[in-house]
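Comments concern the structure below.
The values are calculated or read from the model by the stated rules, or taken from the named source; none is laboratory data. This one's a predicted model, so the numbers in the text were calculated from it and none came from an experiment. Positions of Cβ are backbone-derived with ideal geometry, glycine not excepted, and every protein chain shown enters the neighbour counts. These area figures cover heavy atoms from the full protein model, side chains too; ligands, DNA and RNA do not enter into them. Shrake-Rupley method; radii C 1.70, N 1.55, O 1.52, S 1.80 Å.
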Amino acid sequence: MENVTLTKESRDFIDNLRIYLFSSGKKTKEIDEITQELELHLYEAEKRNQGVEHIIGSSPKEYMEQLSNEMSFDVKGWSKYVPIIILGAFAGIVLKDIFFDSFEYSMLQLVGYPLVCILLLLAYMFSFKSIASRKLSKTKEFSLLYLVSFLSIALFAGLLFADNYVKTPIFTLGSTGNMMVAALAIAFLVGISIWSKTLISIVLPVFYILPEYLVGLTSLSEATKITTSSLLMFGGIGLYLLVSSKNMKKDPSVH
């Protein structure tokens with residue numbers, strides 16, 4: 001079906017609805033069907049000089065929640081997305097550790113990293129839903145994504161802190177093993193980028209590694225280096241996620 005001509009208000013609502021439903025784990029095909037049908041209703045309403053509220057009511061958030069509750073969760077789709085997201089995040093972590101040191105992880109870390117990634121995935125889905133269902137200022141949108149980025153560092157730092165007190169078996173690799181794992185991690189991240197048709201699997205590891213490396217070249221104190229690299233990383237990731245959330249309005253699906 002060809003796109004109908006809608007006002008900016010109606011188009012923004014359709015875009016936000018797509019983000020909300022996708023972040024709620026709904027099937028892309030069903031999202032397309034619902035938004036296309038809604039486009040027609042809004043188009044007919046606009047021809048009668050009626051606004052968006054005539055179709056969705058006074059609360060966009062309640063309308064989105066109602067639609068979401070009527071749709072089933074895409075178990076098959078997300079059973080594919082979640083492992084790829086977790087493995088991609090772990091590949092970025094491994095790549096950074098090998099870049100600065102070597103592959104050396106405890107059993108607690110190998111179990112804890114996937115759990116942290118799942119929690120962060122849920123946090124990002126919640127943040128995208130909140131942005132899509134509420135009229136937030138750019139500052140509030142950035143602040144929300146910044147907080148989730150900060151949460152990621154806090155969870156990983158907490159895992160490392162726990163690892164100092166809970167002793168579990170350690171797994172290490174030699175120099176050849178490090179190079180092989182690094183090559184596999186890079187190949188996997190590039191593969192995810194090609195598969196998903198986005199740069200997120202490449203951009204996030206860059207923001208995760210590059211600030212610490214560049215700040216490490218300076219003569220700043222260790223405390224200042226940590227603070228500066230963290231702020232650069234948070235800012236970079238938050239800005240990228242804010243831009244990505246806007247781009248998702250055009251195509252929220254991940255293929």
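Structure summary
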quantity: Leading residue by the ranking (most open to solvent (accessible area, probe 1.4 Å)) among those in segment 171-222 that are hydroxyl-bearing (S, T, Y) and in contact with a helix residue (DSSP H, G or I) (Cβ under 6 Å, 6 or more places away or on another chain); calculated: Y208
quantity: Answer from S253, S245 - the residue that is in a helix (DSSP H, G or I) and either more than 20 Å from E141 (Cβ to Cβ) or modelled with pLDDT under 75 (or both); calculated: S245
quantity: The lone exception for N69 - which of (1) modelled with pLDDT of 85 or more; (2) open to solvent by less than 100 Å² (accessible area, probe 1.4 Å) it fails; calculated: (2)
quantity: Enumerated helices (runs of 4 or more DSSP H) restricted to segment 134-226, each holding at least 2 residues that are more than 20 Å from the chain's Cα centre (by Cα) and more than 22 Å from G238 (Cβ to Cβ); calculated: 138-163, 175-196
quantity: Test for S196: is it within 17 Å of I86 (Cα to Cα) and touching a His at 6+ places or on another chain (Cβ under 8 Å); calculated: yes
quantity: Those helices (runs of 4 or more DSSP H) lying entirely in segment 7-126 with at least 3 residues among the basic types (K, R); calculated: 8-23, 75-100
quantity: Residue, farthest from A89 (Cα to Cα), within segment 176-199, restricted to residues that are free of Cβ contacts under 8 Å to residues at least 12 places away in the same chain and of a type outside the set (A, V, I, L, M); calculated: T176
